[in-house]
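A short reminder: the numbers here are calculations on the coordinates, not readings from a lab. For clarity, every value in this text was computed on a predicted model and none was experimentally measured. Cβ placement follows ideal geometry from the backbone for every residue including glycine, while neighbour counts extend to all protein chains displayed.
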Amino acid sequence: MKALVYNGPRDVRVKEVPDAKIERPTDVLVKITSTNICGSDLHMYEGRTDMEKGRVLGHENLGQVVEVGEAVDRIKVGDWVCLPFNIACGFCKNCERGLTGFCLTTNPGTAGAAYGFAGMGPYSGGQAEYLRVPYADFNCLKLPDDAQGKENDYVMLSDIFPTGWHATELAGVKPGESVVIYGCGPVGLMAAHSAMIKGASKVIIVDLHPDRLALAEQIGAIAIDYSKGSAVEQILELTDGEGADRGCECVGYQCHDPAGHEVPNATMNDLVKSVRATGGIGVVGVFIPEDPGSRDKLAKKGKIVFDFGLFWIKGQHIATGQANVKAYNRYLRDLIHADRAKPSWIVSHELALDEAPEAYKHFDARDNGWTKVILHPAGAQKNPKRQSTQKKAVRKEAAHAHSPV
Ligand SMILES: NC(=O)c1ccc[n+]([C@@H]2O[C@H](COP(=O)([O-])OP(=O)(O)OC[C@H]3O[C@@H](n4cnc5c(N)ncnc54)[C@H](O)[C@@H]3O)[C@@H](O)[C@H]2O)c1
Ligand SMILES: [Zn+2]
Ligand SMILES: [Zn+2]
């Protein structure tokens, strides 16, 4: 089959690789029709992880089941399914409590497994024609009969929509509260969408890419361009000097200053300053235990200089980690089905698998207009003309989806 293979820093190639196949009776095989490129793929693409050469990338996958293992009960050939990026067993101590991002079975020795991901087990990714899905009865999210019509929405259930939602859960967002989000990439935009759906009174989002900030404005968020002045000061001004009730970190360890120089503690310390005393901070942007590729001495060892004193004095709390996608995806699916959520408004490109190397280049450079790329390994690229008119309609609906829920 054809698949996108990691071949070293900033070098990915579409190649013939051995076919994905059923390996255990609890597996299913899925023909991938949509698979996204994620900001998490970029950490690997840039050579900032210990990703092994030759591995197939792709953890945001949706498709149709083409084969089921002997021990699979619930999932049938022909089902349309979206796969959480976490691969979980469903029966370990953490899975039992809904913490499927920290499954103790699927990546023994650590907690948490994923498709095509550095340090998260040997599993192949879905930027490929087919994907093997372990513990399929547990991991597959079945999609309703509008699966194909809303494929661009449902594919966001594999990762970024639940991850954005998770950021707001970790921060403790409640109706009527104000929320500040650092990072207006796909994850930050999904955190904004989630905060709106939850009934936040004010959603403020920080980045420096005008195209991304404009997408956030389309759903009613207040955009702050931190290249045009201190984000913290602008947030304090917007919140009567108090700071926002809640803060979300949606950038991660490669956060940088306006000139593009990485400052690994920038967003965490800005959040402590931007969130009010006793407020909550949810951190879904990835931070890693070792980052040998960093220029920062401490960051090489996975450490940052953190304003702990201010954090303590303000009585804030922080919660962190990979999103437990299964804790939310069923409910977010139903919001999409009911037209109360429309995550596809951020999709900028739908491309064939062969175009993936080019797409990685543009997305990695955060080139203007490259917000979220969906690859369609099983089919031709959709008609760009139809896409642009569709998109206008989608944006309208996304705004509508936020009207009081
Ligand atoms: N916890 C999880 O389960 C999970 C899941 C998916 C992605 N992630 C992580 O979330 C993060 C964001 O993912 P994405 O797909 O949106 O990536 P992205 O790289 O496309 O977006 C990050 C955005 O942050 C902005 N940024 C950089 N420095 C900043 C700063 N100092 N202040 C404000 N904004 C700044 C960038 O301009 C960019 O637009 C990544 O670290 C990714 O690995 C985590
Ligand atoms: Zn992802
Ligand atoms: Zn488990």
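Relative to the Cα centre, the charge distribution of region 47-177, modelled as +1 at Lys and Arg Cβ and -1 at Asp and Glu Cβ, gives a dipole magnitude of about 380 debye.
Near LYS297, once Lys and Arg are set to +1 and Asp and Glu to -1 for all other residues with Cβ below 15 Å from its Cβ, the sum equals 0. Net charge in the neighbourhood of ALA244 (other residues with Cβ under 10 Å of its Cβ; Lys, Arg +1, Asp, Glu -1) is 0. For region 41-114, which trypsin sites (Lys or Arg not before Pro) pass both filters: DSSP loop (anything but H, G, I, E, B) and at most 14 other C-beta atoms within 10 Å? Passing both the DSSP loop test and the Cβ count: LYS53, ARG74, LYS76, ARG97.
Neighbour counts of other Cβ atoms within 10 Å put LYS314, LYS301, LYS372, LYS342 in the fewest-to-most order LYS301, LYS314, LYS342, LYS372.
Overall, the ratio between the Cα radius of gyration of region 173-321 and 2.2 N^0.38 Å, rounded to two decimals, is 0.98. Of the residues ILE304, ALA71, THR49, the one whose Cα sits farthest toward the positive end of the charge dipole of the chain, with +1 on the Cβ of Lys and Arg and -1 on the Cβ of Asp and Glu, is ALA71. Taking a 29 Å limit on the Cα-Cα distance, which of the listed pairs LYS228/LYS314; LYS228/LYS273; LYS15/LYS297; LYS21/LYS301 fall beyond it? Exceeds cut-off: LYS15/LYS297; LYS21/LYS301.
With a ≥ b ≥ c taken as the square roots of the eigenvalues of the C-alpha gyration tensor of region 1-104, please select rounded if a/c is under 1.5 and otherwise prolate if a/b is larger than b/c or oblate if it is not? Taking the square roots of the gyration eigenvalues as a ≥ b ≥ c, region 1-104 is oblate. Which order results if THR168, THR278 are arranged by neighbouring Cβ count within 10 Å, fewest first? Final ranking by Cβ density, sparse to dense: THR278, THR168.
Mean separation of Cα pairs under 8 Å and 6 or more residues apart, divided by the residue count, gives region 129-283 a relative contact order of 23 percent.
When the square roots of the Cα gyration tensor eigenvalues are ordered a ≥ b ≥ c, the ratio a/c for region 304-362 is 1.5 or more and a/b does not exceed b/c, which makes its shape oblate. Which percentage, to the nearest 5, of the DSSP beta bridges contained in the chain is antiparallel? Given both bridge residues lie in the chain, the antiparallel proportion sits at roughly 55 percent.
Gain on full extension, evaluated as 0.36 nm per residue between ASP257 and TRP312 minus their Cα-Cα distance, stands at 17.3 nm.
Sequence-ordered 3J(HN,Hα) estimates for region 325-332 from the Karplus curve with 6.51, -1.76 and 1.60 and θ = phi - 60° stand at 4, 5, 5, 10, 5, 4, 6, 5 Hz, glycine and proline given as x. Once backbone amide H atoms are built at 1.01 Å from N, ILE204 has VAL179, VAL180, ILE181, ILE222 as its partners under 5 Å, excluding neighbours fewer than 5 places away on the same chain. Of the two radii for the chain, the radius of gyration is 0.95 times the Kirkwood radius, both from the alpha carbons; that is the Rg over Rh value. Pairs of alpha-carbon atoms within less than 8 angstrom and 6+ residues apart define the contacts here; what relative contact order does the chain have, in percent? The normalised contact order for the chain reaches 17 percent. Charge dipole (Cα centre; +1 on Lys/Arg Cβ, -1 on Asp/Glu Cβ; no other charges) of the chain amounts to roughly 240 debye. If I fit a long axis through the Cα atoms of helix 384-401 and take the longest principal axis of the Cα atoms of the chain, what angle between them do I get, 0 to 90°, rounded to 10? The answer is roughly 50 degrees. Assuming a ≥ b ≥ c are the square roots of the Cα gyration tensor eigenvalues, decide whether region 236-368 counts as rounded (a/c under 1.5), prolate (otherwise, with a/b larger than b/c) or oblate. Oblate shape, in that a/c is at least 1.5 and b/c is the bigger or equal ratio. Counting beta carbons within 10 Å around each of CYS92, CYS255 and listing the fewest first gives the order CYS92, CYS255.
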